[in-house]
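Reviewing the structure listed below.
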Amino acid sequence: MTSSPTHSPLRRLTARGRDEAHRVASPLELFFDLCFVVAIAQAGVALVHAIAEGHAGEGILNYAMLFFAIWWAWMNFTWFASAYDNDDVLYRVVTLVQIAGVLVLAAGVPRAFEDHEFLAVLAGYVIMRMALITQWLRVARSSEGPERTMALRYVFGVLLCQVGWLGLLVLPEGGRAWVFLVMAVLEMCVPPFAERDHPTSWHPHHIAERYGLFTIIVLGETIAAATVAVKSGIDENDALNELLPIAAGGLLIVFAAWWIYFVVPIHGHLRSNKQAFLWGYGHYLVFASAAAIGAGLEVAVEQAVGKAHTSTLAASAAVTLPTALYLLTVWVLHSRYFKAGIAQQLVLPVTALLVICCTFLGDWAVLVAGIVATLAVVTGTTLTARMAARERGEPVRAA
């Protein structure tokens, strides 16, 4: 739990200390994350249907847009809470409103994919963002000087962006992708603009933990989705032999994804807003690719039992491409900062390339990709152990 006291129902919303001891995720934050995964699961299901019906390009585009809305709302709350969570009654209520917003967004995902109707998605997004504006107004009221200016910049920046998103409703369908691109860029410009003179006092260890916990939850959703798909294939088609390689390979991929992400602590690298913004923004690809692995496994299962109108190559790519993207992104964001020597640095990039090559192995693509990802973990662990032994002056033994 957070260490802030909760003696009064309503208090000033003031900044917490960046060096605060024992700062961990609160039960409300964990609840928040779990509810957001509902929307991610809906986006994954819609992506599966789009790829299975042969509309991969359109499905990936819709998935990217909807996932941005989910991720951006989650990320903004996470960084705000790291700096200003006082856990009073109003803070809790406004956070619950944000949760309600993401559930509205989740309910609108199927229509957004199938009918290109974004009203419910936009309504849910606006609910979440307006709730955040309320929090920033509380900060402005409780502070003065540069901090108050920063809070008001957030208020006006977020508010203006909500007006811009209305373009998704009024513009022709052909122009919506461009509206999304422009508005996404503008949304991501708000935090650097607001904090250019006065950064928020986010807590490095708390932020690293929050991102790590959300990664775990997304990977858990990936396993759950793949398990349901495999069970359905076995129950309805008695296709255990066809699905066993996919199930085993998918499990190895997810296990390796967890291991690779958590092999090094990242909070010590988050020392400034510049480093933190790059790391935090880059997690859009980490979360999106991790969730897409689950969708890809579902597509592979449906293709194996003859329910998907897509080729074996496309079904394999639905697993291998997001896996490779996950490996590369995790390496770029933090793994490379803890690697010493060319051998350690090349493990994840080479693994990503080999996983892509697995796409062309037909029915064995997922299993071999899982084995490759597992070998990457073994290789990385072995190289790290040997490096540590050399530093201690111990003889290096063959693995």
- Message: Using only Cα atoms and rounding to the nearest 10 degrees, what angle (0 to 90) does helix 176-194 make with the longest principal axis of the chain?
- Response: 50 degrees
- Partner lysines whose C-alpha sits under 22 Å from that of Lys231, ignoring same-chain residues fewer than 8 away, are Lys307
- Note on the structure: Counting only protein heavy atoms and rolling a 1.4 Å probe, one gets per residue an accessible area for region 263-395 in Å² of 44 Å²
- Query: Kirkwood Rh, Cα Rg: Rg to Rh for the chain?
  - Reply: 0.99
- Message: Charges at C-beta only: +1 for Lys and Arg, -1 for Asp and Glu. How large is the resulting dipole of the chain about its Cα centre, in Debye rounded to 20?
- Response: 1520 debye
- Query: If one puts a single equal scatterer on every Cα of region 276-399 and applies the Debye formula without solvent, what log₁₀ I(q)/I(0) results at q = 0.09, 0.13 Å⁻¹?
  - Reply: -0.32, -0.60
- Message: How large a share of the accessible area of the chain, in percent, is made up of carbon and sulfur atoms when the probe is 1.4 Å and the other protein chains stay in place?
- Response: 69 percent
- Message: Taking the full set of protein chains and a 1.4 angstrom probe, give the accessible area of Ile342 in square angstrom, rounded to the nearest 10.
- Response: 120 Å²
- Item | Degrees separating the helix 27-52 axis from the principal Cα axis of the chain, which is the longest one | 50 degrees
- Mind checking the angle between helix 273-304 and the chain's longest principal axis? C-alpha axes, 0 to 90 degrees, to the nearest 10. 40 degrees
- Query: Cα centroid distance between region 241-265 and region 316-393, in Å?
  - Reply: 12 Å
- Item | Per residue solvent-accessible surface (Å²) - region 106-185, probe of 1.4 Å | 48 Å²
- Message: Can you tell me which lysines have their Cα less than 25 Å from the Cα of Lys339? Leave out same-chain residues fewer than eight positions away.
- Response: Lys274
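The values are calculated or read from the model by the stated rules, or taken from the named source; none is laboratory data. Please read these numbers as outputs of a predicted model, since none were measured by experiment. Note: ideal-geometry Cβ built from the backbone for every residue, glycine included; neighbour counts use all protein chains shown. All accessible areas refer to the heavy atoms of the entire protein, side chains included, with ligands and DNA or RNA removed. Shrake-Rupley method; radii C 1.70, N 1.55, O 1.52, S 1.80 Å.
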